[in-house]
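J.: I'd like to ask some things about the structure below.
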Amino acid sequence: MEHSLQGKRVAILLTDGFEQVEMTGPREALEKAGARTELVSTRSGKVRGWNHTTPADEFQVDRTFDSTRMDDYDALLLPGGVVNADTIRTDEMAQELVRDAARANKTIAVICHGGWLLVSADLVKGKRMTSWPSLVDDLKNAGAEWVDEQVVVDGHLISSRKPDDIPAFSEALIKALAA
């Protein structure tokens, strides 16, 4: 199914140590569908992706958290990666960006360990979602209903488990933005 996302903008929130394919796979699918994506991080310059536990490529940051307004975007994409997720979850500006997105009913798409930011921002209570298995206790303790499914859509929240789920995750994100 073809969707045109012309005019749609997606902010990808990340820090060093993000799981590279969890950013590049959905980003490529979004851009192929016509959306514009921007990498948003704690500081300007470059961020480094990882392939599991091995440092990988560097990517140019488009904006910093403090210069980003959710009014400028249609959706947020939160890739995982343990190092990235553990760092970004404690960043007050990143927490406020996801809260702003939630208040504005913008699509928030999260994969793997990316859900930690939503836990820290207090946005998962009453939500049905999935994640990498090591987040089960964190999500349940924060009030989410955790399920082991490839992709879960609960309102404006789209969640997925792991890199193998990227095609289905990307499809769900594109469908939500095209609606």
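J.: Over the alpha carbons of region 80-179, what is the largest minus smallest coordinate on each principal axis, giving the biggest first in Å?
T.: The Cα atoms of region 80-179 stretch 30, 29, 24 Å along their principal axes.
J.: Moving on. Run the quick spin-label model on Glu58 and Ala104: label points 7 Å from Cα toward the beta carbon, then report their separation in nm to one decimal.
T.: About 3.1 nm separates the two model spin labels.
J.: In nm, to one decimal, how far is the modelled label at Asn51 from the one at Glu145, with both set 7 Å along Cα→Cβ?
T.: Each label point is offset 7 Å from its Cα along the Cβ direction, giving 3.9 nm.
J.: State the percentage of accessible surface on region 48-101 attributable to carbon and sulfur atoms; use a 1.4 Å probe and exclude ligands, DNA and RNA.
T.: The value for region 48-101 is 44 percent carbon and sulfur by accessible area.
J.: While we're looking at this one, here's another question. Averaged per residue, what accessible surface does the chain expose to a 1.4 Å probe, in Å²?
T.: It amounts to 46 Å² per residue over the chain.
J.: Still on this structure, I have one more. Sort 15-27, 151-163, 43-55 for me by packing, meaning the mean count of neighbouring Cβ atoms within 10 Å per residue, highest on top.
T.: Descending mean neighbour count gives 15-27, 151-163, 43-55.
J.: What does the charge count near Val10 come to, summing +1 for each Lys or Arg and -1 for each Asp or Glu among other residues with Cβ under 13 Å from its Cβ?
T.: Residues close to Val10 contribute a combined charge of +1.
J.: Then there is this: Sort out for me the Cα centre separation of region 1-56 from region 125-179, rounded to whole Å.
T.: Using only Cα atoms, the two centres lie 17 Å from each other.
J.: Quick one: Debye curve from the alpha-carbon atoms of the chain only, equal weights, vacuum; give me log10 I(q)/I(0) at q = 0.08, 0.19 Å⁻¹ to two decimals.
T.: -0.20, -1.29
J.: In addition: List the trypsin sites (Lys or Arg not before Pro) within region 66-134 that fall in a DSSP loop (any state other than H, G, I, E or B) and whose Cβ has at most 14 other Cβ atoms within 10 Å.
T.: Arg69, Lys125
J.: Okay, next question. Beyond a 26 Å Cα-Cα separation, which of these cross-linked pairs lie in this structure: Lys32/Lys127; Lys46/Lys127; Lys46/Lys140; Lys106/Lys162; Lys8/Lys140?
T.: Those over the limit are Lys32/Lys127; Lys46/Lys127; Lys46/Lys140; Lys8/Lys140.
J.: Test of understanding: in a Gaussian network model of the chain with alpha carbons linked when under 10 Å, which of Leu13, Leu78, Leu139 would top the mean-square fluctuation ranking?
T.: Of Leu13, Leu78, Leu139, the Gaussian network model singles out Leu139 as fluctuating most.
J.: What is the sum of charges, Lys and Arg at +1 and Asp and Glu at -1, for the other residues whose Cβ falls under 12 Å from the Cβ of Ser120?
T.: -4
J.: Provide the net charge surrounding Ala56, with neighbours chosen by a C-beta distance below 10 Å and charges set as Lys +1, Arg +1, Asp -1, Glu -1.
T.: -2
The values are calculated or read from the model by the stated rules, or taken from the named source; none is laboratory data. What you see is a predicted model, and the numbers here were worked out from it, not measured in a lab. Don't worry about glycine lacking a Cβ; one is built from the backbone with ideal geometry, like all the others, and counts go over all protein chains shown. Note: areas computed on protein heavy atoms with side chains; ligands, DNA, RNA excluded. Shrake-Rupley method; radii C 1.70, N 1.55, O 1.52, S 1.80 Å.
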